[in-house]
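Down below is the structure, laid out as structure tokens.
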Amino acid sequence: MKTRINIAKVLISMVLAVVLCACGSQPSPQGQQKAETSAQTEKAKPKTEKPKQASTQKKKADKPKKVRLTEDNVVEELTKYGRQNPEKRVRIITSMGTMVVELYDNTPLHRANFIHLVKEHYYDGTEFYRVINNFMIQGGDTDGYERRAVKEKIGKYTLPPEFREDNIHKRGALSMVREYKDNPEKRSSPFEFFIVQGTVYTEGELNGTEFNYDVKISPEHRAVYKSVGGCAYLDGQHTVFGEVVEGLEVIDKIAAVKTGQGDWPLTPVTIKMEIVK
């Protein structure tokens, strides 16, 4: 009898042990909730911080470094800049009205240089500082130290001439200033430009221009100079790289202002420029 009781006790003890082990191996609801919360917290952590930082660094790395232009690198750098900046139209906002100029594709270095200066806001705050009625209005500079410092930062260089047979100094032509002394290549100043007002020619005056200035004026160009006018004797001397396509009347308004020493307008004619989108 005792033996049977002892066997029964042993069996009961073994069953209780199995039940307790099974219960101990299951996670409690509280422990399960903690694990789920931990997983949710992990998912909720922002995972965009590092990519954002990397993106910012990439943008900084992608931003092209400004290169100071020199006589040695000007062709290479402006050629590269021209490919990356194909704009051709510029709005010239003056204190006497607004003009729009269109730059020529066949003068790529002068076009790229002008677009570069406009985008760098170089011309903002400059003036038409030399004005001669029935001739031209010249701008792109001021008389202050600050402007000289800006020029120095952009670079010290000149532009190789880009003379093209079809680009003539008709009324509204946009052309670049150049030094006449010690400049056999007729390289352009990179900053100063002029816009032609000019006069209407007669046949005899065109013949005289050919003789006196050793230029050849084609029949097509003669027709232009006799109808819209211009400055025929400047052809082959300065690079024409664009023309006014809107606001031709503004040229006449500026050309008519009163001037003082050096043909400088007595009332400043200020300039601001922007790319036409």
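Have a look at Tyr157, Tyr213, Tyr145, Tyr180 and point out the one that is buried (at least 18 other Cβ atoms within 10 Å of the Cβ) and among the aromatic types (Phe, Trp, Tyr). Testing whether each residue is buried (at least 18 other Cβ atoms within 10 Å of the Cβ) and among the aromatic types (Phe, Trp, Tyr) leaves just Tyr157.
Of all residues in the range 138-154, one or more are within 14 Å of Pro190 (Cβ to Cβ), in a helix (DSSP H, G or I), free of Cβ contacts under 8 Å to residues at least 60 places away in the same chain and among the acidic types (Asp, Glu). Inspect all residues belonging to the range 253-264 and state whether any of them is surrounded by fewer than 20 Cβ atoms within 10 Å (Cβ to Cβ), modelled with pLDDT of 95 or more and touching a Gly at 6+ places or on another chain (Cβ under 7 Å). The answer is yes, given that some residue of the range 253-264 is surrounded by fewer than 20 Cβ atoms within 10 Å (Cβ to Cβ), modelled with pLDDT of 95 or more and touching a Gly at 6+ places or on another chain (Cβ under 7 Å). For the range 66-92, a residue qualifies if it is out of contact with any helix residue (DSSP H, G or I) (no Cβ under 8 Å at 6 or more places or on another chain) and more than 19 Å from Glu274 (Cβ to Cβ), and the qualifying residues are Lys66, Thr70, Glu71, Asp72, Asn73, Glu76, Glu77, Lys80, Arg83. Exactly one residue out of Glu203, Glu243 is acidic (Asp, Glu) and over 31 Å from the mean Cα position of the chain (by Cα), and it is Glu203.
In this structure, is Glu249 in contact (Cβ under 8 Å) with a residue 60 or more places away in the chain and assigned to a strand (DSSP E or B)? Here the answer is no, as Glu249 does not meet what is asked. Among residues of the range 95-108 that are within 18 Å of Arg171 (Cα to Cα) and in a loop (DSSP other than H, G, I, E, B), those with a beta-carbon under 9 Å from a residue that is small (Gly, Ala, Ser) and modelled with pLDDT of 95 or more at least six positions away or on a different chain give the pairs Tyr104/Gly242.
Residues that are of a type in the set (D, E, K, R), in contact (Cβ under 8 Å) with a residue 24 or more places away in the chain and closer than 26 Å to Arg164 by Cα are absent from the range 74-85 altogether.
The values are calculated or read from the model by the stated rules, or taken from the named source; none is laboratory data. The structure presented is a predicted model; accordingly, all values stated were derived computationally and were not measured. Because the Cβ atoms are built from the backbone with ideal geometry, glycine has one as well, and the counts that use them run over all protein chains shown.
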